[in-house]
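Only one structure is covered here, and it is reproduced in the block below.
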Amino acid sequence: MNKVIVLSLKDSHRRNIIKERLFRVGIYDFEFHDAFDARNNNIDELNNLFNIQLFKERYGREPAKGEIGCTISHLMMWEKISKSNHDNWIILEDDAIISPLFKLLFMERNKINGLVILGQSKLSWLRTLYRVFKLKFKVSYFKTGFEVGICSLDNVWGTVGYHIDKKSCDTLLSKVGTASFLADDWKYFSQFIDIWHVKPLMIREDYINIKSDISEERESKENA
């Protein structure tokens, strides 16, 4: 059975929003994990936790503080899972909009393994459906109500929702080294593990109603 964990800043009002959304699709067993808040740290403090120079060499720009916090938060989750006694986890961010299809993941016959992207960032449901169905999707296996396969690993998937197991966490932690990358750099991670997708998608980012501080800061860095 999948365990659900929601990454959220401590005391964030978004916790009530995501809680209601999970309840609405019949998911009541989940936990919150306090995300790393990089906003109040100076650059020297962050450089002790995140290799900023290596990031600049990899992406050609400075990282946004929100990006640093996001990467450290997901690494913390992988470490937590690696040390846990449970194999299969679903990591959600607190701005996730959840499709009713999400509950299919909790049926025993629909068990999935590895790292499986469940959602997408910055697109409406209609644009998401159009985009996914237009993409070349290589189906690997079928489950009741959805398929699992491989799509292109561009930068629109984000980290709004994905399944990951202990084995994948162990492999990634042993390979990625010092934090110096974007949390949603799936192409980089695919050097070490297979990255799968579900079709149709079950999660999307609520970029309209919930402001993304990372996106605004990232745009300022990219345009600098």
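Observations, loosely collected:
- Failed item, numbered, when C151 is tested on (1) open to solvent by 60 Å² or more (accessible area, probe 1.4 Å); (2) closer than 25 Å to M107 by Cβ; (3) modelled with pLDDT under 95: (1)
- Contact map, the stretch 135-154: first residue of a type in the set (S, T, N, Q), second residue not in a strand (DSSP E or B), Cβ cut-off under 7 Å, separation 6 or more or different chains; pairs are T144/L104; T144/M107; T144/R109; T144/N110; S152/L135.
- Count - residues of the stretch 106-121 that are open to solvent by 10 Å² or more (accessible area, probe 1.4 Å) and closer than 30 Å to N48 by Cβ: 1
- Residues of the stretch 79-105 that turn out to be under 21 Å from R204 (Cα atoms), open to solvent by less than 40 Å² (accessible area, probe 1.4 Å) and not hydroxyl-bearing (S, T, Y), as a count: 14
- Once the stretch 188-204 is narrowed to residues that are charged (D, E, K, R) and closer than 19 Å to S140 by Cα, the residue that is modelled with the lowest pLDDT is K199.
- Test for S12: is it in contact with a strand residue (DSSP E or B) (Cβ under 7 Å, 6 or more places away or on another chain), of a type in the set (S, T, N, Q), touching a residue at least 40 places away in the same chain (Cβ under 8 Å) and surrounded by 11 or more Cβ atoms within 10 Å (Cβ to Cβ): no
- With respect to (1) at negative phi; (2) modelled with pLDDT of 95 or more; (3) open to solvent by less than 40 Å² (accessible area, probe 1.4 Å), the lone exception for Y28 is condition (3).
- Residue match in the stretch 28-41 (condition: within 26 Å of S180 (Cβ to Cβ), out of contact with any Cys (no Cβ under 8 Å at 6 or more places or on another chain) and free of Cβ contacts under 8 Å to residues at least 12 places away in the same chain): yes
- Within the stretch 191-204, residues that are under 18 Å from K103 (Cβ atoms) and part of a strand (DSSP E or B) reach partners that are modelled with pLDDT under 90 and open to solvent by 10 Å² or more (accessible area, probe 1.4 Å) with beta carbons closer than 7 Å, at six or more positions or on different chains, in the pairs K199/F137; R204/L123; R204/W125.
- Which numbered condition I72 misses (of (1) modelled with pLDDT of 95 or more; (2) open to solvent by less than 10 Å² (accessible area, probe 1.4 Å); (3) not basic (K, R); (4) not in a loop (DSSP other than H, G, I, E, B)): (2)
- Counting the residues of the stretch 42-59 that are over 19 Å from G158 (Cα atoms), open to solvent by 30 Å² or more (accessible area, probe 1.4 Å) and either free of Cβ contacts under 8 Å to residues at least 60 places away in the same chain or in a helix (DSSP H, G or I) (or both) gives 10.
- Any hit, the stretch 19-42, residues being farther than 24 Å from I193 by Cα and of a type in the set (S, T, Y): yes
The values are calculated or read from the model by the stated rules, or taken from the named source; none is laboratory data. Here the structure is a predicted model, which is why all the values come from computation and not from measurement. Note that each Cβ is placed from the backbone with ideal geometry, even for glycine, and that neighbours are counted across all protein chains shown. Side chains included, ligands, DNA and RNA excluded: accessible areas come from the protein's heavy atoms. Shrake-Rupley method; radii C 1.70, N 1.55, O 1.52, S 1.80 Å.
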